[in-house]
Every structure is written in C-alpha cells, then in structure tokens.
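Chemist: My questions will all concern the structure given below.
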Amino acid sequence: MIPFPHDIFTEPADVDPDTLANLGPLTRLAGRWEAHKGVDINPKADAPERRVFIERIAFDAIDPQTNGPQLFYGLRYHIHITTKEEDITFHEQVGYWLWEPATGLILQTLAIPRGQVALASGQGKAGDDRFSLTATRGETQYGICSTAFLEYGFRTDSYRIDIAFDGEDAWSYEIRTMLAVHGRAEPFEHHDQNTLKRVGPAKPNPLMQIMARRAKSTPAKP
Ligand code: HEM
C-alpha cells in the first residue's frame, strides 16, 4: 500500500511556525559547532591517507517547508574543514537536514563541490540520542549522483552517517562512504569521524524572528 494521501495538493492548515520547537531528533544540532581532532581516511595513489582535521559547522533553522500535505522542519548546514598544516579547504559541504514529524523520516541532502550530491534517509523521533542515515548509488529516492569523472575514477556506491549526542553541547558522527576506485579490486572505505563541541546557540528561524520583531514594534493595547 502506498503510504501517501489521495490529495497531494492541500497543505496542512495548522503549521506551527516555530522550527526550533519541532525539529524532533535534530533539535540539538541547531547552532554552531567546532572540533580540532577529526580523522579522515581518504584514497590516494600509493596508499590510504589518514589526516587529522579542523571542522566548523553551522546549522541554521529554516522556516517550515511543505510538499502539499507533507510537512518538514529543518536546518540548513555548512561544513568547512581545514587542517593544521594547510589553511586551504580540505572538505566543504552544504545541504539540509529535515525531519517529518508525521512519519519520523529524517533526510540529509548533501552537496560536495567535487561534483557530487546525495539524499540520505533514516528514521528518528524527538529525544533520540542516536540515529543513522544512508544513501545508495542507483536508488532513485535516496541516492547518490556524481560527475562522469567520479563515476569513472571514484564511483561512490554508498554513504552512511551515524550520529550520537552527548548531552546538549557535544555530538559525534561517523561517516562511511564506499568508493570503487578505478583499477582497484577491493572497495575503499572513505571514513570520517569527529566529535563536535558547541560554540554558538541555536537561533530562531526567519519567520519567528520576523514575528518577534513585529510583536516588539506593535504597541500593547491599553
Ligand atoms: C568529514 C568529511 C570528509 C572529509 C574531511 C573528506 C576529505 C577528502 C579528501 C581529503 C579526499 C582526497 C582528495 C584528493 O586527493 O583530491 C577525499 C576524496 C573523496 N571524497 Fe571525501 N571527505 C569527506 C566526506 C566525504 C563524503 C561524505 C563523500 C561522499 C558522499 C565524499 C566523497 C569523496 C570522493 C568521491 C572522493 C574521491 C575523489 C577524489 O579524490 O578526487 N567525501 N575526501
């Protein structure tokens, strides 16, 4: 049975404008984060390279989003990674984390400026201390799409991210990206892990900021 309504056009009428109050398992991600001891294993010509990296992540609450009756609350994110040895960007990534309260669906869209995008999915509920998302090359719903060169040289077959919170101000991730490297018999596990500490608080979504400014400038009725 298809789990979707017959009416695909009508949007929900009673949408709470407050994203931070409706992010479910993503609630604790909102804000700014930093870490200096991330570890990356990436593919190089001679042997896998292991590098320690510096990571900064911003998660900003966006206004509620609807696809007809489907309602998402979410965060826009930007990851910027450098290393102690070099200031040049080591890894860069943008996208959205979304949560659908009605079904518990968690989505991550990710775009990497080497010509690669993915849409990963998982499940979770408010209060969860851990959750996992996956994307698989060739899937039309939760898949991975890469440039012709990456398809030839570093075919990205799957992506998995596991997230675990440690209280309100720390969380860790582990990412496993499976690559088929041209000319190599064995798949390569491009592995990343890090523990991030909070350096900035969550801020309300744009609509809530507008509503707060309006409430301030409207004089109270006598
Ligand atoms: C913390 C996260 C990550 C870091 C620090 C990182 C870092 C790196 C580095 C340093 C390389 C080698 C680049 C080169 O030699 O030119 C690399 C290669 C690659 N990464 Fe990542 N990466 C991360 C996450 C990801 C994710 C999530 C994906 C895909 C879903 C991905 C896909 C690839 C691919 C396809 C390559 C091979 C292409 C190439 O070397 O030109 N990476 N990564």
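The values are calculated or read from the model by the stated rules, or taken from the named source; none is laboratory data. Given the structure is predicted, the values throughout are model-derived calculations rather than measurements. Cβ placement follows ideal geometry from the backbone for every residue including glycine, while neighbour counts extend to all protein chains displayed.
Chemist: Residues that are of a type in the set (Gly, Ala, Ser): list the strands (runs of 3 or more DSSP E) wholly contained in the range 137-222 that include at least 2 such residues.
Modeler: 154-165, 170-181
Chemist: Could you list, in sequence order, the residues of the range 107-120 that are of a type outside the set (Lys, Arg) and surrounded by fewer than 17 Cβ atoms within 10 Å (Cβ to Cβ)? Walk me through how you get there before you give the answer.
Modeler: Restricting attention to the range 107-120, the residues satisfying the condition of being of a type outside the set (Lys, Arg) are 107-113, 115-120.
Scanning the range 107-120 gives 111, 113, 115, 117.
Chemist: Then there is this: For residue 66, which of the numbered conditions (1) surrounded by fewer than 20 Cβ atoms within 10 Å (Cβ to Cβ); (2) of a type in the set (Ser, Thr, Tyr); (3) touching a Leu at 6+ places or on another chain (Cβ under 8 Å) fails to hold?
Modeler: (3)
Chemist: From the list 118, 111, 126, which residue is touching a Gly at 6+ places or on another chain (Cβ under 6 Å) and touching a residue at least 40 places away in the same chain (Cβ under 8 Å)?
Modeler: Unique residue meeting the criteria: 126.
Chemist: So, residue 118, is that one touching a Cys at 6+ places or on another chain (Cβ under 9 Å), within 12 Å of the ligand (Cβ to nearest atom) and either assigned to a strand (DSSP E or B) or not charged (D, E, K, R) (or both) or not?
Modeler: yes
Chemist: If you check 50, 56, 28, which single one turns out to be surrounded by 13 or more Cβ atoms within 10 Å (Cβ to Cβ), among the charged types (D, E, K, R) and part of a strand (DSSP E or B)?
Modeler: Just one listed residue meets the conditions, 56.
Chemist: Does residue 104 meet the test of being touching a residue at least 60 places away in the same chain (Cβ under 8 Å), over 12 Å from the mean Cα position of the chain (by Cα) and crowded, with 18+ Cβ neighbours inside 10 Å?
Modeler: no
Chemist: I'm checking my understanding of the structure. Among residues of the range 177-206 that are more than 9 Å from the ligand (Cβ to nearest atom) and of a type in the set (D, E, K, R), which one is nearest to residue 16 (Cα to Cα)?
Modeler: Out of the qualifying residues, it is 203.
Chemist: Also, I was wondering about something else. Would you confirm whether any residue within the range 138-157 is free of Cβ contacts under 8 Å to residues at least 24 places away in the same chain, touching a Leu at 6+ places or on another chain (Cβ under 9 Å) and of a type in the set (S, T, N, Q)?
Modeler: Within the range 138-157, one or more residues are free of Cβ contacts under 8 Å to residues at least 24 places away in the same chain, touching a Leu at 6+ places or on another chain (Cβ under 9 Å) and of a type in the set (S, T, N, Q).
Chemist: Select from the range 134-169 the residues that are more than 11 Å from the ligand (Cβ to nearest atom), among the aliphatic types (A, V, I, L, M) and either surrounded by 15 or more Cβ atoms within 10 Å (Cβ to Cβ) or at pLDDT below 95 (or both) and list them in ascending order.
Modeler: 163, 164
Chemist: Pick out the one residue from 202, 215 that is surrounded by 14 or more Cβ atoms within 10 Å (Cβ to Cβ), over 16 Å from residue 114 (Cβ atoms) and among the aliphatic types (A, V, I, L, M). Working first, answer last.
Modeler: Numbers: 215 fails: surrounded by 14 or more Cβ atoms within 10 Å (Cβ to Cβ).
Every option except 202 fails the conditions.
Chemist: Give all pairs with beta carbons closer than 7 Å in which a residue from the range 24-53 that is farther than 16 Å from residue 174 by Cβ meets a residue that is within 14 Å of the ligand (Cβ to nearest atom) and of a type in the set (A, V, I, L, M); count only pairs at least 6 apart in sequence or on separate chains.
Modeler: Every condition considered, the pairs that remain are 34/196; 36/54; 43/179; 43/181; 48/41.
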